[in-house]
Structure formats: structure tokens, C-alpha cells
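What follows is a set of notes on a single structure, which appears directly below.
Values quoted throughout were computed directly from the atomic coordinates according to the rules given, and no laboratory measurement underlies them. Note that this is a predicted model, so its numbers are computed, not measured. Cβ placement follows ideal geometry from the backbone for every residue including glycine, while neighbour counts extend to all protein chains displayed.
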């Protein structure tokens with residue numbers, strides 16, 4: 001009964017690839033932004049903060065459509081990237097990764113920001129008096145202490161990316177083997193007459209992946225607390 | 001040698017201090033709120049004066065009129081805080097080695113050994129800061145500051161967070177440090193007895209002003 005067909009495997013593996021790439025690419029940006037929001041005061045900070053959270057509250061179809069307008073073949077950014085670097089997003093798995101990355105970004109940034117905010121800044125001062133330049137302080141004190149939060153953010157972002165549907169299907173459509181992720185595969189299956197069993201299997205896979213992500217995020221958060229108490 | 005002549009306003013509080021010292025241990029004495037920590041933070045480069053100059057070992061590290069403010073990490077100072085501030089993600093050995101690594105200094109095993117023996121922390125090297133007692137933590141913090149090979153050691157109430165018994169446990173180490181480590185120190189305290197034992201010169205602060213300057217007898 002629980003035998004996953006090759007077509008379903010294709011969707012699962014594509015989802016994993018899309019979510020992995022989205023998470024890995026988003027992480028450095030997420031860390032930089034988390035640090036900026038946690039540590040700096042600047043003009044327009046609340047606007048930037050709102051902008052980061054926008055994909056969380058905007059209808060996903062709107063985000064997907066905006067991505068299509070911007071990163072599509074004829075979009076200002078998409079056209080430039082395609083002509084200059086040969087990077088194409090529309091109707092490609094890379095576009096799915098972009099959509100998932102954007103949708104996952106708020107969830108990815110949040111734990112990172114919280115864990116940077118929780119770091120005792122006096123430790124960073126101590127590092128400075130010991131001769132560490134600011135960028136060394138960041139890499140030897142701030143980042144290691146924030147690491148559990150960074151990992152938790154990556155896990156949550158990954159989980160969100162793997163389940164993303166609305167923005168992805170709007171931006172890159174639903175092409176088996178190229179842009180058909182688990183979510184869009186389920187969507188197609190429940191619209192075909194005898195797709196129930198296959199849809200059911202993919203639903204179970206989704207639940208397992210999501211639960212696994214939540215449990216590991218929780219575990220990282222607990223590690224963070226232990227780490228900050230020096231055990 | 002340390003030369004300080006600074007002014008700083010912090011909200012309602014204003015600090016104005018001027019002194020020069022050749023002493024091995026300058027005791028910065030005053031009640032809490034007298035401005036001791038702010039003054040030490042300025043010497044450390046963590047706080048920028050509003051006006052004035054600071055020179056360590058003849059090098060001007062602050063000269064506000066000339067636009068000079070050497071950042072803390074280039075001052076080659078060691079700072080021991082009241083709350084130790086050991087890095088919780090590093091063990092004792094890594095904490096001790098941190099300053100040397102950050103300054104890109106070559107390892108000096110003899111000096112390393114000397115400091116570890118002086119402070120009796122050889123048995124703690126593998127432990128995490130969370131597993132140390134308050135006194136042990138403070139000794140490791142002393143070692144960490146010394147091993148960055150500073151030209152001036154700043155100690156801000158290093159015994160302040162310890163109970164009476166622990167203070168007596170650490171005090172002999174500080175005396176040995178003064179006599180053997182060969183690094184000039186600024187020692188901040190509100191405890192006259194402590195300073196009588198350690199300091200060679202006293203700067204007395206009261207409500208942000210230097211009220212007396214001289215040998216340990218000004219504490220009487």
C-alpha cells in the first residue's frame with residue numbers, strides 16, 4: 001500500500017532539492033539581516049522589518065505574481081540576470097527555489113534575530129578588549145553563540161520551503177520533473193479521479209517532514225539555552 | 001605610564017578626571033556611582049570621552065580635539081571585569097588562548113605555563129565556564145587578560161561579585177600578579193582594605209571628580 005511511485009519520488013526529490021538550495025542561499029542573507037535588525041538602529045529599520053515579514057502576511061499568489069513580474073524573463077531583474085549571467089528563473093526549478101526562499105525568509109530570520117538579541121553584548125566587549133577586531137568578534141563570539149538559533153532558523157525555513165505552494169505555482173507553474181514539488185503534485189493528484197492513494201502518500205511524507213523540522217528546531221532552541229549558560 | 005585628562009557627560013552625571021601615574025598599581029577608589037567604571041571604560045576604549053586625552057605608555061589613544069580614538073581592540077590592554085565574562089562556548093584553555101589568537105601572536109609556552117601556575121588554573125583547562133566557581137572564573141579571567149600580553153591591565157572590582165571567603169582566596173593571587181607579572185595595573189575598588197594591600201598609588205573619585213591623588217595613605 002505504501003509504495004512510493006517514481007513520479008512521486010520525482011516530486012519528493014525536487015522538493016528536497018528546491019528547499020535545500022533555497023535554505024542555503026537564504027541563510028547568509030538571513031544572518032546578515034538578523035544581525036542588522038538585532039544590533040543596529042538606522043533610518044527605515046521598521047520599514048525593512050515590515051518588508052521582511054511581508055511574505056508571511058501577503059497572499060502567496062500575490063508574492064508569486066510579483067516574483068513573476070520582477071524575475072520573469074521580461075521582468076527588470078529576471079531579464080538582466082538571464083542576459084548577463086544566463087540565470088533563468090521562470091518555469092525552472094531555480095524559480096521554485098527563489099519563490100520558496102522568499103516565502104521562507106521571515107521564518108528563517110526570526111530565530112536568528114532572537115538568538116543574536118539574546119547574546120550578552122558584554123561578551124563582545126570582552127572580546128574587543130582582548131584584541132579582536134569587530135569582524136573577528138562576530139565570527140568568534142556572536143556567530144558561535146547564535147549558532148543554535150541560526151540552525152533553528154534554517155530548519156524552520158527549510159520546512160516552510162518544502163511546503164510552499166501558492167507563490168511557487170504562480171511563479172513557475174506545475175511542471176512534473178521541473179517545478180512540480182510535493183505540494184503541487186498533491187494539488188494535481190486530488191484533481192485527478194484516482195489520485196487519492198498517491199495524494200495520501202505525499203500527504204504523509206509532508207507531515208513527516210514538517211514534524212521532523214519542528215522537533216529539530218525545538219531541539220536546537222534547547223541547545224541554545226544550554227550553550228548560553230556555559231554547560 | 002598612564003596619563004588621563006578627560007571629561008564625559010552621561011545623562012545627569014558628569015565625569016571630569018585628570019591624573020598621571022607612574023605607579024605599578026593605580027588604585028581607583030570611590031563609592032559606587034563615583035564614575036570609576038566609566039573612567040576605566042574610557043581607558044579601555046569602550047567609552048569615548050567628550051573632551052580630553054588619554055595616553056598609555058606614551059602612545060596617545062584618545063585625543064578628541066585631534067580626532068584620535070584608538071578602538072579598544074588596538075589598545076593592547078587587558079580588562080578583567082567584575083563578572084569575569086568568560087566565553088561560554090569555549091573551554092578554559094580556549095578562553096585563555098583567545099587574546100593571543102586574536103592578536104596574531106606566536107604561542108609562548110613558557111609564558112603560558114607561568115600564568116597558569118601563577119593563578120593555579122592548570123586543573124581547570126578542559127572545563128566549561130559554566131562549571132567553574134566564582135573564584136575560579138575570576139582567576140581564569142585574569143589569566144585570559146594576561147595572556148593577551150597587554151601593556152596595561154584594567155581590573156574593575158574583580159572581587160566585587162565574590163563573598164568574603166572567596167575574596168581572601170583570590171587576593172594572594174593578585175598580590176603575586178602585582179609582584180611577578182610585570183604589567184602595570186589600574187585596580188578599581190570601593191574597598192579601602194583591598195587597595196591598601198594592592199595599590200601603590202591612589203586616585204580617589206567622588207561624584208565624578210578626582211578629590212585626592214597620592215600614596216596609599218590618602219585612604220586613611
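Could you work out which residue, out of B:193, B:17, B:181, moves most in a Gaussian network model of chain B, that is, has the largest mean-square fluctuation with Cα springs under 10 Å?
Fluctuation is largest for B:193.
What average count of beta carbons from other chains do you get within 10 Å of the Cβ of residues in B:102-115?
Mean partner-chain Cβ count within 10 Å for B:102-115: 1.
Once you average over the residues of A:121-127, how many Cβ atoms of partner chains fall within 10 Å of each Cβ?
6
Placing one identical point scatterer on every Cα of region B:2-219 and ignoring solvent, what is log10 I(q)/I(0) from the Debye formula at q = 0.09, 0.12, 0.16 Å⁻¹?
Rounded to two decimals, the profile gives -0.34, -0.62, -1.10.
Describe numerically, in nm with one decimal, the distance between label points set 7 Å from Cα along Cα→Cβ at residue B:20 and at residue A:61.
For residue B:20 paired with residue A:61, the spin-label model returns 8.0 nm.
Across peptide B:128-141, what mean number of C-beta atoms from other chains lies inside 10 Å of a residue's C-beta?
The per-residue average across the peptide is 1.
So what is the 222 nm mean residue ellipticity for chain A from helices alone, if each DSSP H run of at least 4 adds -39500 (n - 2.57) and you divide by all residues, rounding to the nearest 500 deg cm²/dmol?
-25500 deg cm²/dmol
Only bridges whose two residues both fall in the protein assembly as shown count here: according to DSSP, what percent of them are antiparallel, nearest 5?
The antiparallel proportion sits near 60 percent.
Note the full-extension length gain between residue A:73 and residue A:43 as 0.36 nm times their separation in residues minus their Cα-Cα distance, in nm to one decimal.
Separation in residues times 0.36 nm, less the Cα-Cα distance, equals 7.4 nm.
When only Cα pairs under 8 Å and 6 or more residues apart are kept, what is the percent relative contact order across region A:1-150?
Computed value for region A:1-150: 28 percent relative contact order.
On C-alpha positions alone, give me the angle between the axis of helix A:76-85 and the longest principal axis of chain A, in degrees, nearest 10.
Relative to chain A, helix A:76-85 is tipped by roughly 90 degrees.
Could you give the length gained by full extension between residue B:111 and residue B:126, i.e. 0.36 nm per residue of separation minus their alpha carbon distance, to one decimal place?
3.5 nm
When the Debye formula is applied to the Cα atoms of the protein assembly as shown, each taken as the same point scatterer, what base-10 log of I(q)/I(0) results at q = 0.10 Å⁻¹?
For the requested q values the scattering log ratios are -0.81.
For residue A:174 paired with residue B:206, estimate the spin-label separation in nm (one decimal), with each label point 7 Å from Cα along the Cα-to-Cβ line.
A separation of 8.3 nm, rounded to one decimal place.
Distance between the C-alpha centers of region A:198-231 and region B:122-136? Whole Å please.
Result: 33 Å between the Cα centres.
For B:194, A:117, what ranking results if the residue with the fewest other Cβ atoms within 10 Å of its Cβ goes first?
Starting with the residue having the fewest Cβ neighbours, the order is A:117, B:194.
Could you compute the FRET efficiency for residue A:222 and residue B:218, with r as their C-beta to C-beta distance and R0 at 60 Å, rounded to 0.05?
For R0 = 60 Å, the calculated efficiency reads 0.65.
Measure off 7 Å from each Cα along the Cα-to-Cβ vector at residue B:64 and residue A:13, then give the distance between these two points in nanometres to one decimal.
6.7 nm
For chain B, what relative contact order do you get, as a whole percent, if you take Cα pairs closer than 8 Å and at least 6 residues apart?
30 percent
Quote to one decimal, in nm, the extra length available between residue B:149 and residue B:179 on full extension: 0.36 nm per residue of separation minus the C-alpha distance between them.
Gain in length upon complete extension: 9.2 nm.
I need two numbers for chain A: Rg to one decimal and Dmax as a whole number, Cα atoms only, in Å.
Here Rg and the maximum Cα pair distance are 19.9, 69 Å.
Would you list A:2, A:165, A:139 from fewest to most Cβ contacts within 10 Å?
So the ranking, lowest neighbour count to highest, is A:2, A:139, A:165.
If you rank A:206, B:148, B:14, A:15 by fewest surrounding Cβ atoms within 10 Å, what's the result?
B:14, A:206, B:148, A:15
May I ask for the Rg/Rh ratio of region B:94-220, computed from Cα atoms with Rh as the Kirkwood radius, given to two decimals?
0.99
Averaged over every viewing direction, what's the projected area of the C-alpha convex hull for region A:1-129? Give it in nm², one decimal, please.
With the hull built on Cα positions only, its mean projection is 12.3 nm².
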